[in-house]
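Report on the following structure.
The values are calculated or read from the model by the stated rules, or taken from the named source; none is laboratory data. The structure presented is a predicted model; accordingly, all values stated were derived computationally and were not measured. Cβ: placed from backbone, ideal geometry, glycine included. Neighbour counts: every protein chain shown.
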Amino acid sequence: MPETAPTLSDLRRSLTEAALRSGPAAAGRIGLGVPGLDEVLNGGLARAALHEVYAAEVADLAAATGFALGLALRAGETEGEAGRTIFWARQDFVDAESGRLHAPGLNELGLDPARLLLVRARDGEGVLRAGAEAARCPALGAVLIEPWGEPRPFDLTASRRLALAAEASGVPVLLLRVAAAEAPSAARTRWQVRALASRALEANAPGAPAFALRLLRQRGGAAEREWRVEWDRDRHCFAERSLFDRASRTDHAAPLFRPLVPLSGDGQVAADGCDSGLRRVG
């Protein structure tokens, strides 16, 4: 039988179920684990706000995705409680260009796929609508919105709506941008992410995901700063790369040894996501 297309009421039902499992999100800031970076951010990333993450090039999409997921994981975990649900709205064209999400790859980043509520939409307008709906749900850990390019409905007014929803719910909204030019928005911070080569482990196995970060904009604070960081999947935090390899200054432009979110061989989620642990609404 053909798969029934999900509706907005299906999405609202899923968000209500998430709200029943958790209370309101914690207020305050999200520390990234890098002292110098957190200091520039006045203690960490503002939780109740909109933030933009740009892939420097289309080839850096995996790195930008890994960084955004790291932020979402940090946001969704507070002391004394299990990790909150992460909502991810993704445009179908991103799947076509880079492949669908793969549950084992998410596990490699430290994300239990059972914590992910995934929505796919045909166009940027649908992705933004789903993200705006989710941003109003205070029980979520984070909302990740991933359109392709520059969707026509997304303008300064639309970004303000997302920012206001984040402020009201206390849930951080992360807008992942690829194949898009910088434009005025209501984002509290704007980041550019490039891939770094991971430091090989024993037997030349790929090491921790690594990123070159550039803070392009910070409302009311310093910007145009750069850091080189790695993601620790076990501790769910970032660490400054220079602490590990101060002698090496040649890998800033090197590609990753592997994608940060590995895909299956055919670019599909096993059994279209049904047996992979991903909960899908789109």
In this structure, is residue 96 at pLDDT below 95, over 28 Å from residue 235 (Cα atoms), among the aliphatic types (A, V, I, L, M) and surrounded by fewer than 18 Cβ atoms within 10 Å (Cβ to Cβ)? yes
Look at region 226-240 and say how many of its residues are touching a helix residue (DSSP H, G or I) at 6+ places or on another chain (Cβ under 6 Å) and in a strand (DSSP E or B). 5
At pLDDT 95 or above, among the acidic types (Asp, Glu) and either part of a helix (DSSP H, G or I) or buried (at least 21 other Cβ atoms within 10 Å of the Cβ) (or both), is that true of residue 52? yes
For the condition of a type in the set (Gly, Ala, Ser), crowded, with 23+ Cβ neighbours inside 10 Å and in contact (Cβ under 8 Å) with a residue 24 or more places away in the chain, what is the one hit in 89, 114, 139? 89
Tell me which of these residue 167 doesn't satisfy, since it passes every other one: (1) modelled with pLDDT of 95 or more; (2) among the acidic types (Asp, Glu); (3) within 18 Å of residue 64 (Cα to Cα). (3)
Could you please give the count of residues in region 159-208 that are touching a Pro at 6+ places or on another chain (Cβ under 7 Å) and without any contact (Cβ under 8 Å) to a residue 40 or more places away in the chain? 0
Top-ranked residue in region 142-158 [being under 19 Å from residue 75 (Cβ atoms) and touching a Pro at 6+ places or on another chain (Cβ under 9 Å); ranked as surrounded by the fewest Cβ atoms within 10 Å (Cβ to Cβ)]: 142
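For every residue, the table says whether it meets (1) crowded, with 19+ Cβ neighbours inside 10 Å; (2) among the hydroxyl-bearing types (Ser, Thr, Tyr); (3) modelled with pLDDT under 95.
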site	(1), (2), (3)
190	yes, no, no
194	yes, no, no
199	no, no, yes
211	yes, no, no
215	yes, no, no
227	no, no, no
For the condition modelled with pLDDT of 90 or more and either surrounded by fewer than 19 Cβ atoms within 10 Å (Cβ to Cβ) or in contact with a Leu (Cβ under 6 Å, 6 or more places away or on another chain) (or both), what is the one hit in 17, 79, 3, 39? 39
Looking at residue 162, is it within 23 Å of residue 192 (Cβ to Cβ) and in a helix (DSSP H, G or I)? yes
Since residue 187 meets every condition but one in (1) more than 16 Å from the chain's Cα centre (by Cα); (2) under 29 Å from residue 131 (Cα atoms); (3) part of a loop (DSSP other than H, G, I, E, B), which condition does it not meet? (1)
